[in-house]
Amino acid sequence: MKLSIVAPFHNEEENVDEFFNRVLPIIRAESDSIEVVCVNDGSSDTTLAQLRGWREKEPVIRVVNLSRNFGKENALTAGLDHATGDVIIPMDSDLQDPPELIPQMIEKWREGYDVVYARRTVRNTDTLAKRMTAVWYYRLFNFIADRPIPDNTGDFRLMDKKVLGEVKKLGESARFMKGLFSWVGFRCTAVEYERPPRHDGKESLNFRNLWRLALDGITAFSTVPLKIWSYIGMGVAGIAFLYGLVIIFKTLILGIDVPGYASIMVIVLFLGGVQLLSLGVIGEYVGRIYLEVKKRPHYIVDPEDEQGSRR
Ligand code: UDP
Ligand code: MG
């Protein structure tokens, strides 16, 4: 059995040594045939130099150097495209995905599971705000998405190569990997772990990136936000009709009643807001359709590090 580890690196200079020191002994004990596909996602520090240095010492390490920063989802896609193992495990390079879990995952794979995801039991290391937004986001996602993603899982999981083969066929530009992994299905199970804090360095997924990823996820896996406006529209129209009847009868019985500035303003502003909001939602989808039809590559690899590594 050939085991592939896929790890994206973006400015992780403090973590490179620790990553290999912890990962390599564990996976060596599991299999004679291993590879570690390291994707350098446009790091501006010494990460790339360190990865190349490690590759000199350990030929099982492969370096995929992207031409610039493409973001974690695309970096992961690049790594998965280059992985050649029978079993593939994507993991973060900041050691928040503990490599000690790998033997358990492989055990489950031997029992016949095709996907083994790592489910975190506690997220104490994240801020309360991040935890709360994560909980509500996944609740909303699973409520409206056509394919739910399992609770409290990230990209850290084991995949059989047949699963990866199917994931690779999904050509969309919006790479919400967790969603894509879950969408392909197969026999899944979970192993549990406590998510440790970052080994060193600081998180590069800031609020803006997370917000974009959140919208990518929902728009890629649900059309509910688009369709809901017809129902909201129907509701508003129904209420407007009833209110219209009330006004007509009031005018017929009590005569013309001119004051009403406040109610008219409130209704006009409210409806204006609802219309802009629904237009904005359509814009989010149209913008993504535009991105998809351009069919740009998901990442660009600098061929310098590729020598003979493709096949
Ligand atoms: N990462 C990446 N490209 C980016 C941002 C992050 O490849 O543009 C990698 C990073 O090196 C790490 C993983 O993605 O291995 C997770 O990033 P981070 O720790 O910043 O996020 P979090 O732990 O909050 O998910
Ligand atoms: Mg992290």
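The values are calculated or read from the model by the stated rules, or taken from the named source; none is laboratory data. The structure presented is a predicted model; accordingly, all values stated were derived computationally and were not measured. Note that we place each Cβ from the backbone using ideal geometry, even for glycine, and neighbour counts take in every protein chain shown.
Yes/no per residue for (1) near ligand 1 (Cβ under 8 Å from one of its atoms); (2) in contact with a strand residue (DSSP E or B) (Cβ under 7 Å, 6 or more places away or on another chain):
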{"site": "50", "(1), (2)": "no, no"}
{"site": "62", "(1), (2)": "no, yes"}
{"site": "66", "(1), (2)": "no, yes"}
{"site": "94", "(1), (2)": "yes, no"}
**OP:** Go through the range 74-103 residue by residue and tally those that are farther than 15 Å from residue 193 by Cα and not charged (D, E, K, R).
**Re:** 16
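Taking residue 249, is it surrounded by 10 or more Cβ atoms within 10 Å (Cβ to Cβ) and either more than 16 Å from ligand 1 (Cβ to nearest atom) or in contact (Cβ under 8 Å) with a residue 60 or more places away in the chain (or both)? Step through it out loud before you land on a result.
Working: surrounded by 10 or more Cβ atoms within 10 Å (Cβ to Cβ): yes; either more than 16 Å from ligand 1 (Cβ to nearest atom) or in contact (Cβ under 8 Å) with a residue 60 or more places away in the chain (or both): yes.
It is true that residue 249 is surrounded by 10 or more Cβ atoms within 10 Å (Cβ to Cβ) and either more than 16 Å from ligand 1 (Cβ to nearest atom) or in contact (Cβ under 8 Å) with a residue 60 or more places away in the chain (or both).
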Original post:
Within the range 56-83, how many residues are within 28 Å of residue 163 (Cα to Cα) and without any contact (Cβ under 8 Å) to a residue 12 or more places away in the chain?
Top reply: 1
**OP:** Being touching a residue at least 60 places away in the same chain (Cβ under 8 Å), in contact with a His (Cβ under 6 Å, 6 or more places away or on another chain), within 11 Å of ligand 1 (Cβ to nearest atom) and of a type outside the set (A, V, I, L, M) narrows it down to one of 11, 15, so name that one.
**Re:** 15
**OP:** Could you check how many residues of the range 18-48 are surrounded by 15 or more Cβ atoms within 10 Å (Cβ to Cβ), more than 12 Å from ligand 1 (Cβ to nearest atom) and of a type in the set (Val, Ile, Thr)?
**Re:** 6
Subject >> Identity of the residue in the range 70-89, under 13 Å from the mean Cα position of the chain (by Cα) and surrounded by 21 or more Cβ atoms within 10 Å (Cβ to Cβ), that ends up farthest from ligand 1 (Cβ to nearest atom) >> reply: 77
**OP:** May I ask you to list pairs of residues, at least six apart or on different chains, whose Cβ atoms are under 6 Å apart, with the first in the range 93-106 being at positive phi and the second being within 14 Å of ligand 2 (Cβ to nearest atom) and in a loop (DSSP other than H, G, I, E, B)?
**Re:** 95/199
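Is it the case that residue 185 is modelled with pLDDT of 85 or more, in contact with a helix residue (DSSP H, G or I) (Cβ under 9 Å, 6 or more places away or on another chain), surrounded by fewer than 15 Cβ atoms within 10 Å (Cβ to Cβ) and of a type in the set (Gly, Ala, Ser)? I'd like the intermediate steps shown before the answer.
Numbers: modelled with pLDDT of 85 or more: yes; in contact with a helix residue (DSSP H, G or I) (Cβ under 9 Å, 6 or more places away or on another chain): yes; surrounded by fewer than 15 Cβ atoms within 10 Å (Cβ to Cβ): yes; of a type in the set (Gly, Ala, Ser): yes.
Yes.
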Subject >> The lone exception for residue 235 - which of (1) at negative phi; (2) modelled with pLDDT under 90 it fails >> reply: (2)
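Could you tell me whether any residue of the range 108-118 is within 16 Å of ligand 2 (Cβ to nearest atom) and modelled with pLDDT of 85 or more? Break it down stepwise before answering.
From the range 108-118, those within 16 Å of ligand 2 (Cβ to nearest atom) are 118; that's our starting set.
Narrowing the set further to residues that are modelled with pLDDT of 85 or more leaves 118.
Yes, the range 108-118 contains a residue that is within 16 Å of ligand 2 (Cβ to nearest atom) and modelled with pLDDT of 85 or more.
For the condition closer than 17 Å to residue 89 by Cα and buried (at least 17 other Cβ atoms within 10 Å of the Cβ), what is the one hit in 120, 175?
Values: 175 fails: closer than 17 Å to residue 89 by Cα.
Among 120, 175, only 120 is closer than 17 Å to residue 89 by Cα and buried (at least 17 other Cβ atoms within 10 Å of the Cβ).
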**OP:** Sort out which residues of the range 178-210 are within 15 Å of ligand 2 (Cβ to nearest atom), in a loop (DSSP other than H, G, I, E, B) and at negative phi, and write them in order of number.
**Re:** 194, 195, 196, 197, 198, 199, 200, 202, 203, 204, 205, 206
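Does residue 30 satisfy the condition of being in contact with a strand residue (DSSP E or B) (Cβ under 7 Å, 6 or more places away or on another chain) and at pLDDT below 90?
Working: in contact with a strand residue (DSSP E or B) (Cβ under 7 Å, 6 or more places away or on another chain): yes; at pLDDT below 90: yes.
Yes; evaluated as a whole, the condition is true for this residue.
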Original post:
When you look at residue 51, is it modelled with pLDDT of 90 or more and either surrounded by fewer than 24 Cβ atoms within 10 Å (Cβ to Cβ) or farther than 18 Å from residue 200 by Cβ (or both), yes or no?
Top reply: no
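Would you check which residues across the range 216-235 are part of a helix (DSSP H, G or I), of a type outside the set (D, E, K, R) and crowded, with 16+ Cβ neighbours inside 10 Å and list them? Outline the logic, then answer.
Going residue by residue through the range 216-235, those that are part of a helix (DSSP H, G or I) are 216-221, 224-235.
Restricting the remaining residues to those that are of a type outside the set (D, E, K, R) gives 217-221, 224-226, 228-235.
Passing the criteria: 217, 218, 219, 220, 221, 225, 229.
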